[in-house]
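The values are calculated or read from the model by the stated rules, or taken from the named source; none is laboratory data. Keep in mind that this is a model prediction, so the values were computed, not measured. Backbone-built Cβ (ideal geometry, glycine too); neighbour counts: all protein chains shown. For accessibility, only protein heavy atoms count, side chains too; no ligands or nucleic acids. Shrake-Rupley method; radii C 1.70, N 1.55, O 1.52, S 1.80 Å.
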Amino acid sequence: AQSVSQHNHHVILSEAASLELGCNYSYGGTVNLFWYVQYPGQHLQLLLKYFSGDPLVKGIKGFEAEFIKSKFSFNLRKPSVQWSDTAEYFCAVNAGNNRKLIWGLGTSLAVNP
Amino acid sequence: GAVVSQHPSWVICKSGTSVKIECRSLDFQATTMFWYRQFPKQSLMLMATSNEGSKATYEQGVEKDKFLINHASLTLSTLTVTSAHPEDSSFYICSARDSRASSYNEQFFGPGTRLTVL
């Protein structure tokens, strides 16, 4: 069965630290990959997505992610986090003909000022 | 563009009553909408896929007679929680796919509905 795993459940960083959140999926065919963010008390927002082309994808608010097909990974990165990045981050995959999004369990990021 | 609304944003009801939640795509047509449930500090759990003009497809373990889904138009899907009980209290989120967009597999999310059953 298709699955998505996010390695870090809780991450605590200081402002200006670099961030990398891991995401791995299990599916051997064509995938669409997404990172969503949920700020406290707010609804889900799309950070970035990968459908095809350049595997290094740039999203909003300085986030980027790299699709490494050989590693089945789509890790999220930001070189310097801010307190306002405190949120829940979800990786999701849409695989093959399956129209459903398969979700990771999420990573809770807390950035200390 | 690609805005999804939900109504109501929060609702409190008595045990045994039914609650209807609406999900609307405001500026695009959506042949497919999805209903999720999210528990505090947890990920989204897909409940069902709502298809315009046909029956919804429910995920394993989701009671279709309890969670009634209707997708009568290209911009509206409704989720009715029938005979609600306290264990149905949760955050319900819908999403929609733009039927004509090139990024067909992208889902746009509504703000969610907080249901509390007393």
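Okay, here's what the table says:
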item: Which of B:19, B:107, B:76, positive extreme of dipole for chain B (C-beta unit charges); result: B:19
item: Loop-located GluC sites (Glu not before Pro) in the stretch A:15-103 whose Cβ has at most 14 other Cβ within 10 Å (DSSP); result: A:15
item: Coil-residue trypsin sites (Lys or Arg not before Pro) of the stretch B:1-101, DSSP, other Cβ within 10 Å capped at 11; result: B:14, B:41, B:100
item: Lysines with Cα under 29 Å of residue B:14, excluding same-chain neighbours fewer than 8 positions away; result: B:41, B:55, B:64, B:66
item: Distance (nanometres) between label positions extended 7 Å along Cα→Cβ at residue A:84 and residue A:68; result: 3.1
item: Free-standing Cys, chain B [no other Cys Cβ under 4.7 Å]; result: B:13
item: Estimated FRET transfer efficiency when R0 is 35 angstrom, pair residue B:68-residue A:60 (beta carbons, to 0.05); result: 0.45
item: All lysines inside 18 Å of residue A:61 as judged from Cα atoms, apart from same-chain residues fewer than 8 positions distant; result: A:49, A:78
item: Student exercise, chain A dipole from Lys, Arg, Asp, Glu Cβ charges, in Debye to nearest 20; result: 340
item: Of the GluC sites (Glu not before Pro) in the stretch B:57-109, those whose Cβ has at most 11 other Cβ within 10 Å and which sit in DSSP loop; result: B:63
item: Euclidean distance of C-alpha centroids, the stretch A:1-59 and the stretch B:57-92, integer Å; result: 28
item: Under Karplus coefficients 6.51, -1.76 and 1.60, residue-wise ³J(HN,Hα) of the stretch A:64-72 in Hz, glycine/proline x; result: 9, 8, 10, 8, 10, 4, 5, 9, 6
item: Karplus-derived HN-Hα couplings along the stretch B:73-83 (A = 6.51, B = -1.76, C = 1.60, θ = phi - 60°), whole Hz, x at Gly and Pro; result: 9, 6, 10, 9, 10, 10, 10, 10, 8, 8, 6
item: Per residue accessible area of chain A, 1.4 Å probe, in Å²; result: 48
item: Under the Karplus curve 6.51 cos²θ - 1.76 cosθ + 1.60, θ = phi - 60°, whole-Hz ³J(HN,Hα) for the stretch B:30-37, x wherever Gly or Pro sits; result: 10, 6, 10, 10, 10, 10, 10, 10
item: Residue B:31 paired with residue B:10, simple spin-label distance in nm, labels 7 Å along Cα-to-beta-carbon; result: 3.8
item: Whether chain B is rounded, prolate or oblate, judged on the alpha carbon gyration tensor where a/c under 1.5 counts as rounded; result: prolate
